Amino acid sequence: MGIPRKREKAQGASHVPVLEVGLISGTVFVILGLAVLAVGFLVPTKIEAFGEADFVVVDTHAVQFNGALDMCKLAGAILFCIGGTSMAGCLLMSVFAKSYSKEEKFLQQKFKEQIADIKAHTQPITKAPGPGETKIPVTLSRVQNVQPVLAT
């Protein structure tokens, strides 16, 4: 039996526990919010009042139950928004908090040098081509109206 080795991180992966916790908690809030919203919308409401015009009976338990369903809808929407905002914020922060390894920085620098080298060897076009140098697929000598003629 050998000595257990430390796990090596994948190259280029940044390990930021705060972002991971934020992303996981955001996901939990989104799922919890969706579940509470589903309860609020899928459970049928109860009839609060019944009877004739002169004699109406109000069921206080039904009023409380329907109020609780409305609170479920509100709480679910708030949880969903908090979770979505948390997830979006953590994903954005992970983009800016990424730490690059020495090899990645070297490759980025090499790429920038290659781009600068290509830019140095190309000559920008500073004048229009002459009549015999190249063919231009469009001519501005004839402009044709493509609008339909108005019949009045």
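The values are calculated or read from the model by the stated rules, or taken from the named source; none is laboratory data. Quick caveat, the model's predicted, so the values are computed rather than measured. FYI the Cβ positions are ideal-geometry reconstructions off the backbone, even for glycines, and counts take in every protein chain you see. Side chains are part of the model used for accessible areas, which takes the heavy atoms of the whole protein and leaves out ligands, DNA and RNA. Shrake-Rupley method; radii C 1.70, N 1.55, O 1.52, S 1.80 Å.
Largest accessible area first, the residues 57, 18, 146 order themselves as 146, 18, 57 under a 1.4 Å probe with ligands, DNA and RNA left out.
In what sequence, highest mean first, do 102-108, 78-84 appear when ranked by Cβ atoms within 10 angstrom?
Numbers: 102-108: 10.7, 78-84: 16.6.
Ranked by mean Cβ neighbours within 10 Å, highest first: 78-84, 102-108.
Sorted largest first by accessible area at a 1.4 angstrom probe radius, with every protein chain in place, the residues 27, 60 fall in the order 60, 27.
Please state the shape class of the range 54-113: rounded when a/c is under 1.5, otherwise prolate if a/b exceeds b/c and oblate if not, all from the C-alpha gyration tensor. Can you show the working numbers first?
On the way: a/c = 12.69, a/b = 7.41, b/c = 1.71.
In terms of gyration-tensor shape, prolate.
Residue ranking by accessible heavy-atom surface, 1.4 Å probe, largest first, among 29, 55 comes out as 55, 29.
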